[in-house]
Amino acid sequence: MTEILFNTMEVSKTLQVDKSTVKRWTDEGKLKCFRTPGGHRKFRAEDLYQFMSEYNYGISPVNLHPQFASDEAIIHGMIVKKEFHVLANVCFSASINGRRSEIVKLFSEVYQNGLSLPMIFDEILCPTLKRLLGLNLSGKLSAGEMQLAFNALSNAIILLSDIIMKPAPRDNKAILATVEGDKRDIELKALAILLESEGYEVLNLGANVPTETITQLATTKQPMFIFLYTSRVVQKETFIDQHTSILATAHSCGSKLIVGGDAYASPELENISTVLYDRYCSSFKEFVGAQHEAIPAHPTMSSDKKNLKYQKDKE
């Protein structure tokens with residue numbers, strides 16, 4: 001994965017100071033950088049963010065532009081400029097080192113400065129997860145290191161739940177789960193928080209849930225929605241059987257089955273004529289919108305695939 005780097009000119013513009021000042025700060029060890037074989041300074045996003053967060057460490061405040069006088073101003077500026085890649089890089093750096101408290105601080109600050117939960121998850125959490133998985137698949141990140149990062153992110157999401165504003169639950173219930181065979185539940189935890197912020201009573205079954213458990217709870221609780229967030233297809237025929245059963249139960253209860261995750265974009269499910277769900281969501285933003293949409297009575301896999309392709313083409 002390519003790391004986000006800045007040159008001296010970009011840093012000087014960001015900090016609103018001369019290039020000579022940036023060079024002096026690096027020479028003094030106040031601002032971290034590294035040099036290319038040609039001798040040019042390069043700056044990592046997380047080091048720049050760290051410097052801006054702690055700018056008063058041996059630096060006179062008058063040397064910095066007023067907009068960088070506090071963490072809140074830094075975060076707000078990044079949100080306004082849509083510099084989500086910087087925020088995602090900070091999140092990645094904290095997660096790969098297992099620094100849960102830093103991730104919580106980042107999530108809470110961007111939330112308090114106006115970034116919505118769907119945007120936090122789509123623009124910061126998901127790119128971080130994608131980068132971690134990419135490094136793991138390429139052999140650059142061990143299973144242990146990835147688990148450390150995943151645990152830090154997972155725990156940070158749980159702690160974020162205590163910070164966000166939640167309305168009193170309505171009568172609307174939502175069951176959440178990943179199907180049997182899938183043990184990853186970070187996105188599911190994020191979705192649970194998102195739905196709670198929308199006033200749902202969330203019944204989160206977690207990861208690796210047997211189909212019978214999902215259908216039994218749906219029959220008992222009569223939810224408005226069943227949300228499945230699944231990252232992979234373990235066994236194609238079993239996957240199809242699971243969703244066929246869950247979808248039938250959902251419709252018998254007057255519920256809708258809404259799904260998300262990489263599993264549903266898997267090549268293994270191409271050209272499947274069987275209807276497996278009512279709605280596919282390619283982002284957390286779409287999950288929010290899906291609950292307010294009129295869902296077709298007879299959706300097809302092919303139409304969902306076309307919709308997914310359209311979403312990817314837009315991106």
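Are any of the pairs 183/236; 130/173; 81/130 more than 25 Å apart by Cα-Cα distance, and if so, which? Result: 130/173 exceed 25 Å. Amide H contacts of residue 256: 225, 226, each under 5 Å away and 5 or more positions distant or on a separate chain (H built 1.01 Å from N in the peptide plane; Pro and chain starts excluded). The eigenvalues of the Cα gyration tensor, multiplied by 5 and square-rooted, give the range 5-160 an equivalent ellipsoid with semi-axes of 27, 20, 13 Å from largest to smallest. Here the 3J(HN,Hα) profile of the range 251-257, calculated from phi with Karplus coefficients 6.51, -1.76 and 1.60 at θ = phi - 60°, is 5, 5, 9, x, 9, 10, 9 Hz, Gly and Pro shown as x.
What the phi angles of the range 110-120 give under the Karplus curve with 6.51, -1.76 and 1.60, with θ = phi - 60°, is a coupling list of 5, 5, 5, 9, x, 7, 5, 4, x, 5, 4 Hz, glycine and proline written as x.
Shape class of the range 173-314 from the alpha-carbon gyration tensor: rounded, with the ratio a/c of largest to smallest axis under 1.5. Rounded to the nearest Hz, the phi-derived 3J(HN,Hα) couplings of the range 125-131 under the Karplus curve 6.51 cos²θ - 1.76 cosθ + 1.60 (θ = phi - 60°) are 5, 4, x, 5, 4, 4, 5, where x marks glycine and proline. Listing 184, 170 from fewest to most neighbouring C-beta atoms within 10 Å gives 170, 184.
Where a number appears in this text, it was derived from the coordinates with a stated rule and is not lab data. No experiment lies behind these values; they were computed from the predicted model shown. No Cβ is skipped: glycine too gets one built from the backbone with ideal geometry, and neighbour counts run over all protein chains shown.
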